[in-house]
Ligand SMILES: [Zn+2]
């Protein structure tokens, strides 16, 4: 097992920020905090980079609360993370956007996909409407390797064009930055441990609180990457550098996103997934 070196880890992330020009003067960056190790690490290091390099930009953390079943201790922990990172935290509730988790959970469709639709939608809309120039997420290298393999298996080749540390925004789609693109989930865990940044160690999927079943297959993918990394040094870095190159050439033939006929937000269908859920939630009452 490779030993964790905090300086090497930090250097890797700072290099990603500068090489891919993730931060520019005058930026207003929103970062979604979930209470987990990944978004916590991204927030801490982005904040540190801005301070160290004296970049004139604003970093704001935000949290999207799915409902009242989210324990207070999780909200408190997120507040503590933002405090340690020295950034302002804004909390939003999906109810205020007209969507109700308990209604969505009862629909006859996979809850993980509904939850993903809601979060993706609001994580783009909220920052943009508040004047953000970019959205930062805590997705890390292992996430992108797994996304990559899944998209290859599903033959969704065009999606691969999005797998890069800096995904430029188009129309109402905010630009995305992923400072953790070249590090793994385990590294983020070690980093939080070393600097004393608290995080939720368990799966932060809300189903844990609603006592429903979660898909365990995801975890197997992550274990597989860990196994390969044991006998193939720098597997993650080399693999991801290849993915970035592939993404670059694929992005040349991507069409502009459409606008939802109801809400005007970006989508690749006539009606976006969020508006579909909005309609469905009241039909099942
Ligand atoms: Zn819509």
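Coordinate-derived values only; no laboratory data. The model shown is predicted, which means the values in this text are computed figures rather than measured ones. Neighbour counts are summed over all protein chains in view; Cβ atoms, including those assigned to glycine, are modelled from backbone coordinates with ideal geometry.
Output the 0 to 90 degree angle, nearest 10, between the alpha-carbon long axis of helix 111-129 and the longest principal axis computed from the alpha carbons of the chain.
80 degrees
In nm, to one decimal, how far is the residue 103 label point from the residue 119 one, both placed 7 Å along Cα→Cβ?
2.2 nm
Among 90, 168, rank each residue by its count of other Cβ atoms within 10 Å, from fewest to most, as a rough exposure measure.
Ranked by crowding around the Cβ, least crowded first: 168, 90.
Helix 185-195 sits at what angle to the longest principal axis of the chain, using alpha carbons and giving 0 to 90 degrees rounded to 10?
70 degrees
At 0.692 mPa s and 37 °C, plugging the Kirkwood radius over alpha-carbon pairs of the range 1-125 into Stokes-Einstein gives what diffusion coefficient in µm²/s?
Roughly 200 µm²/s, to the nearest whole number.
Treating the range 71-198 as a set of equal point scatterers at the Cα positions, no solvent, please give the Debye-formula log₁₀ I(q)/I(0) at q = 0.20, 0.21 Å⁻¹.
Reported log10 I(q)/I(0), two decimals: -1.51, -1.50.
Could the peptides 45-55, 102-112, 177-187 be put in order, highest first, of the mean number of other beta-carbon atoms found within 10 Å of their residues?
Order by mean packing, descending: 177-187, 45-55, 102-112.
Where both residues lie in the range 6-257, what percent of DSSP beta bridges are antiparallel, nearest 5?
Of the beta bridges lying entirely in the range 6-257, close to 15 percent run antiparallel.
What FRET efficiency comes out for residue 170 versus residue 58 if R0 is 22 angstrom and r is the Cβ-Cβ distance? Round to the nearest 0.05.
Approximately 0.45, to the nearest 0.05.
Pull out a ≥ b ≥ c, the square roots of the eigenvalues of the alpha-carbon gyration tensor of the range 1-51, then state rounded if a/c is under 1.5, prolate if not and a/b is larger than b/c, and oblate in the remaining case.
The shape class here is oblate.
Taking Cα pairs under 8 Å and at least six residues apart, what relative contact order does the range 6-257 come out at, in percent?
26 percent
Cut-off is 10 Å between beta-carbons; in what order do 126, 31 appear when sorted fewest neighbours first?
Lowest count first: 126, 31.
Show that you can apply the helix-only estimate: for the chain, add -39,500 (n - 2.57) for every DSSP H stretch of four or more residues, divide by all residues, and state [θ] at 222 nm to the nearest 500.
Result for the chain, helices only: -15000 deg cm²/dmol.
Compute the convex hull volume of the Cα atoms of the chain, divide it by the residue count, and report the result per residue in Å³ as a whole number.
Given the Cα convex hull of the chain, per-residue volume reads 138 Å³.
Only counting other Cβ atoms within 10 Å, I'd like 161, 18 sorted with the fewest neighbours first.
Fewest to most other Cβ atoms nearby, the residues stand as 18, 161.
Note the angle between two axes, namely the Cα long axis of helix 273-283 and the longest principal axis of the Cα atoms of the chain, as a number of degrees from 0 to 90, rounded to the nearest 10.
Compared with the principal axis, the helix lies near 40 degrees.
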